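Everything below concerns the one structure shown next.
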Amino acid sequence: LPIVAIVGRPNVGKSTLVNRLTGEREAIVHDQPGVTRDRTYRPAFWGDREFMVVDTGGLVFDDDTEFLPYIREQAAMAMSEASAAIMVVDGQHGPTDADTEIADWLRQQNVPVLLAVNKCESPEQGLMQAAQFWELGIGEPYPISGIHGNGTGELLEQLVEYLPTVAAEADDAEIRVAIIGRPNVGKSSLLNAFVGNMRSIVSPISGTTRDAIDTVVTRGEQTYRLVDTAGIRKKKQVEYGTEFFSVNRAFKAIRRADVVLLVIDAIDGVTEQDQKLAGRIEEEGKACIIVVNKWDAIEKDSHTIYDHKRDISAKLYFIDWAEVIFTSALTGQRVTKILDLVDLAVDQHRRRVTTAVVNEVLEEAVRWHTPPTTRQGRQGRIYYGTQVTAQPPSFTLFVNDPKLITENYRRYIERQFRENLGFEGTPIRLFWRGKK
Ligand code: GDP
């Protein structure tokens, strides 16, 4: 079962929360001497999801300075096997230095952390009490009451999102690809080309949404789930004319995908509908490859590729991070190369960068170009940044006041991230957050 570590300084109510999560179930004491001295594992569940809760701090020390190394050692061991952690803090007390230290340490672990602000018995005050803990920089504080149970439902709801399931592991192993584009750009031809090229085909497989049929193909070790291939084929049988195009269906397929192949007709160039689809891909935070198809059908000279690229970067500037590939589903030109680009984009989409590297890039960027100063003489300051999630890679940047960081400067930092860290093929997100 996945393990959830409960971390926090003494007296914040960790055991109360543990009891709340595990009910009256018995603690399982692992009695390997020396190793798990104070760690007890207790089974817990939420809905149909089961997990083990391990309380890292079974001891209470009087002196704040003494417990920190100890709690870290215990927490480190728990963390090495945990799928997620809940950091518990005291909402009636407000953030302490010990909290900050624990939070800083947690941020360096490669484990998703939920921040539970305990002792928030009153819902109205709870939000205010919780808000103080944004400054710990480990994400959204959840007001809860371990004693009464308020707020624990929301916490658990979020928690189980982080826990691996058998299905989720399978999900990560396969790459979900949506083939999107206007009618007649060559989506089904591309699909057929993939299916024809691939060795083993497990097809068709019903998707998670009703009537969405996926086609699963494999290449080497890698499995690709081509999502909603029914949607690509179905339209053929329906006489809506060439103008009909289900935007809604395309949007749904985008949502289910890791990476989207945005297919554009080389003859027509980028249209308004292509722009709309690209916008949605960006909004949904999906990796993307721009496939300019029917490349065989156009007259080419030495400028052709350049002209197309210029048209694309002018009209699809908001996904300028996406690779562009020129293909022919008819002749098969570069069709298999699309999957190479898919692999690369997905790697970037799932990529995680350490806090140390993020801050190296930030420091260097600020050294070249400091945040602007207002006419009143106030200057924006960036304290530090950290990657909070992947898919797409998302970063929180802590600053003195987000209002002081202008749109221009934000774009500058984003460019620096791209120049130094890459992320080809995937959108990235920067969140600017104030910290007193
Ligand atoms: P869909 O509506 O996007 O699925 O497009 P289809 O795959 O049905 O293709 C529409 C038309 O374009 C068909 O007549 C295809 O034969 C043709 N087509 C598709 N790909 C290519 C290509 O790479 N080159 C050329 N010349 N024609 C293509």
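The values are calculated or read from the model by the stated rules, or taken from the named source; none is laboratory data. Values in this document were obtained by computation on a predicted structure and should not be read as measured data. Note: ideal-geometry Cβ built from the backbone for every residue, glycine included; neighbour counts use all protein chains shown.
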| Out of Ala356, Ala345, sole residue that is in a helix (DSSP H, G or I) and either over 30 Å from Asn192 (Cβ atoms) or of a type in the set (Lys, Arg) (or both) | Ala356
| remark: A careful count of residues in the range 313-342 that are in a helix (DSSP H, G or I), farther than 22 Å from Val216 by Cβ and of a type in the set (Val, Ile, Thr) gives 1
| request: Test each condition in (1) within 12 Å of the ligand (Cβ to nearest atom); (2) at pLDDT 95 or above; (3) not hydroxyl-bearing (Ser, Thr, Tyr) for Asp258 and report the one that comes out false. | output: (1)
| task | Mind listing whichever residues of the range 222-252 are loosely packed, with under 11 Cβ neighbours inside 10 Å and either more than 16 Å from the ligand (Cβ to nearest atom) or modelled with pLDDT of 75 or more (or both)? | result | Asn248
| message | Going by what's in this entry, would Thr389 be described as farther than 27 Å from Leu262 by Cα, surrounded by fewer than 18 Cβ atoms within 10 Å (Cβ to Cβ) and not assigned by TED's automatic domain parsing to the domain that holds Ile290? | response | no
| Considering the range 413-436 alone, what residues qualify as being of a type outside the set (A, V, I, L, M, F, W, C) and touching a Phe, Trp or Tyr at 6+ places or on another chain (Cβ under 9 Å)? | Gln416, Arg418, Glu424, Gly425, Thr426, Pro427, Arg429, Arg433, Gly434, Lys435
| task | Inspect the range 166-177 for any residue being at pLDDT 90 or above, surrounded by fewer than 22 Cβ atoms within 10 Å (Cβ to Cβ), touching a Phe, Trp or Tyr at 6+ places or on another chain (Cβ under 7 Å) and not charged (D, E, K, R) and give the result as yes or no. | result | no
| message | With out of contact with any Gly (no Cβ under 6 Å at 6 or more places or on another chain) and away from the ligand (no atom under 16 Å from the Cβ) as the only criterion, which of Glu323, Glu363 stands out? | response | Glu363
| message | Considering only the range 299-312, I want to know if a residue exists there that is outside any helix (DSSP H, G or I), in contact with a helix residue (DSSP H, G or I) (Cβ under 8 Å, 6 or more places away or on another chain) and in the same structural domain as Ile179 (by TED's automatic domain parsing). | response | no
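A quick yes/no check of all residues on (1) touching a Ser or Thr at 6+ places or on another chain (Cβ under 6 Å); (2) not in a helix (DSSP H, G or I):
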position: Val388; (1), (2): yes, yes
position: Gln391; (1), (2): no, yes
position: Leu397; (1), (2): no, yes
position: Tyr409; (1), (2): no, no
position: Tyr412; (1), (2): no, no
position: Phe417; (1), (2): no, no
position: Thr426; (1), (2): no, yes
| request: Output the number of the condition that Tyr317 fails; it satisfies all remaining conditions of (1) loosely packed, with under 13 Cβ neighbours inside 10 Å; (2) hydroxyl-bearing (Ser, Thr, Tyr); (3) touching a residue at least 24 places away in the same chain (Cβ under 8 Å). | output: (3)
| When you look at Arg219, is it in the same structural domain as Leu316 (by TED's automatic domain parsing) and modelled with pLDDT of 75 or more, yes or no? | yes
| task | Taking Leu330 as meeting all but one of (1) touching a residue at least 60 places away in the same chain (Cβ under 8 Å); (2) out of contact with any Asp or Glu (no Cβ under 6 Å at 6 or more places or on another chain); (3) within 16 Å of the ligand (Cβ to nearest atom), write down the number of the exception. | result | (2)
| message | Residues that are in contact with a strand residue (DSSP E or B) (Cβ under 7 Å, 6 or more places away or on another chain), at pLDDT 80 or above and buried (at least 17 other Cβ atoms within 10 Å of the Cβ): does the range 53-64 have at least one? | response | yes
| task | Considering each of Thr304, Thr271, Thr336 in turn, give the residue that is polar (S, T, N, Q) and free of Cβ contacts under 8 Å to residues at least 40 places away in the same chain. | result | Thr304
| When you go through (1) at pLDDT below 90; (2) within 29 Å of Tyr383 (Cα to Cα) one by one for Leu159, which number turns out not to apply? | (1)
| request: Take Ala278 and decide whether it is surrounded by fewer than 18 Cβ atoms within 10 Å (Cβ to Cβ), at pLDDT 95 or above and among the hydrophobic types (A, V, I, L, M, F, W, C). | output: no
| Condition broken by Lys294, with the remaining ones in (1) within 18 Å of Asp268 (Cβ to Cβ); (2) charged (D, E, K, R); (3) buried (at least 18 other Cβ atoms within 10 Å of the Cβ); (4) away from the ligand (no atom under 13 Å from the Cβ) satisfied | (4)
| query | In this structure, does Asp268 turn out to be among the charged types (D, E, K, R) and crowded, with 22+ Cβ neighbours inside 10 Å? | reply | no
| Residue, nearest to the ligand (Cβ to nearest atom), within the range 195-204, restricted to residues that are loosely packed, with under 14 Cβ neighbours inside 10 Å and at pLDDT below 65 | Asn197
| message | Are there strands (runs of 3 or more DSSP E) fully within the range 88-194 with at least 2 residues that are within 16 Å of the ligand (Cβ to nearest atom)? List them. | response | 174-181
| query | Would you say Ser145 is crowded, with 22+ Cβ neighbours inside 10 Å and not aliphatic (A, V, I, L, M)? | reply | yes
